[in-house]
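The values are calculated or read from the model by the stated rules, or taken from the named source; none is laboratory data. This structure is a prediction, so every number in the text was calculated from the model and none was measured. Cβ placement follows ideal geometry from the backbone for every residue including glycine, while neighbour counts extend to all protein chains displayed.
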Amino acid sequence: MTEMVQLAVAEDIGEAEEVQAILSRAGIESVLEAAVEHHPRENEDAPQKVLVPESSLEAAKDAIEAFTDPDELVAE
């Protein structure tokens, strides 16, 4: 099994799903994982890690850059 590595941290599940959709269009597998411990009964969206296979990390970065408006990018 390929090791999954962090590509990005999204502010909430909606943003994480947008990133996942971009990766899917590029043919890159991804999974979401809570970035912080979150109580399951809370209604508030928690930040999400977007994970990709280590072998796809560079392609994933390229896909995000290609499918994202530069004005929407936030400096890390």
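The residue pairs whose first member lies in region 51-76 and is more than 13 Å from G27 (Cα to Cα) and hydroxyl-bearing (S, T, Y), whose second member is surrounded by 11 or more Cβ atoms within 10 Å (Cβ to Cβ) and modelled with pLDDT of 70 or more, and whose beta carbons are closer than 8 Å, counting only pairs six or more residues apart or on different chains, are T68/I22.
Where residues in region 25-41 are in a loop (DSSP other than H, G, I, E, B) and at pLDDT 95 or above, which of them is nearest to the chain's Cα centre (by Cα)?
S30
Inspect all residues belonging to region 58-68 and state whether any of them is in a loop (DSSP other than H, G, I, E, B), out of contact with any His (no Cβ under 6 Å at 6 or more places or on another chain) and modelled with pLDDT of 95 or more. No, region 58-68 contains no residue that is in a loop (DSSP other than H, G, I, E, B), out of contact with any His (no Cβ under 6 Å at 6 or more places or on another chain) and modelled with pLDDT of 95 or more. The set of residues from region 14-38 being among the small types (G, A, S) and within 12 Å of V50 (Cβ to Cβ) comprises A16, A21, S24, S30, A34, A35.
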